[in-house]
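Right, one structure below, let's go through it.
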Amino acid sequence: MESQFGLAHVWAQGDLVTRAVALLLLAMSLASWMVIILKALSLRRHAAQARLTHAFWHSADFAEGLGKLGTDPDNPFRTLAQDGREASVHHHHAQPQLHDALDPSDWLTRAMRNSIDESTARLQSGLAVLASVGSTAPFVGLFGTVWGIYHALLSIGAAGQATIDKVAGPVGEALVMTALGLAVAIPAVLGYNALVRGNKTVVLQLNRFAHDLHAYFLTGARVGKGGGNGNVVSMKKGA
């Protein structure tokens, strides 16, 4: 029985459309799992980088703190600190330009907001693949099922036999396509939701770090966690 029915038999007896649907579902599954794994590893790396911001604020100067954030060019926290420093230096030492009409606080806010937006765009890259797979894979599988049932009924009609044993096998094989579509879509949807939650956590940590950097570049000290009593953590403005 196993030699007559099953995935291998569906592939062997399937026409070009059936095989194309199966290959498409396989490609969608591989793409979604690749995105899930790569983005999960990226979020794990960003979580470790976020913990380094604590060491950053316990540095003697900015240069030492920047070194404690690591050398990874894709580190959004290091990029944020560098962009904030460059914006601060540029505003204070550049030749008079239109942006001089902005006060230093607004200038820093815009520069760091742009940095966070770019980091957010990188975090969200690949999520469109998961969203597309999660929303279309069930319908691709359903199309394969409909196509398989159609050809199964044509074969049964041509043979002139409509007994249950003749109908159950081909129709059951066709329904496998729907199951495959769901098997591809469900991990993509779950992975998408998990990655979105992880990205929100990273963005929240970036916003907190940006708030502290904003205070540091304007006042020379990080706003402390003293609950509104004005506590600050000083750090020399090194190059």
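Each reported figure results from applying straightforward, stated rules to the coordinates on display, with no laboratory input. The structure displayed is predicted, hence computed values, not measured ones. Positions of Cβ are generated from backbone atoms using ideal geometry, with glycine treated the same way; all protein chains shown enter the neighbour counts.
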Approximate spin-label separation Ala128-Asn193, in nm, with each point projected 7 Å along Cα-to-Cβ | 2.4
By Cβ neighbour count within 10 Å, fewest first, Glu86, Glu173, Glu64 rank Glu86, Glu64, Glu173
Using the number of other C-beta atoms within 10 angstrom as an exposure proxy, rank Lys200, Lys68 with the fewest first.
-> Lys200, Lys68
Cα principal axis extents for the stretch 28-80, largest first, Å = 50, 16, 13
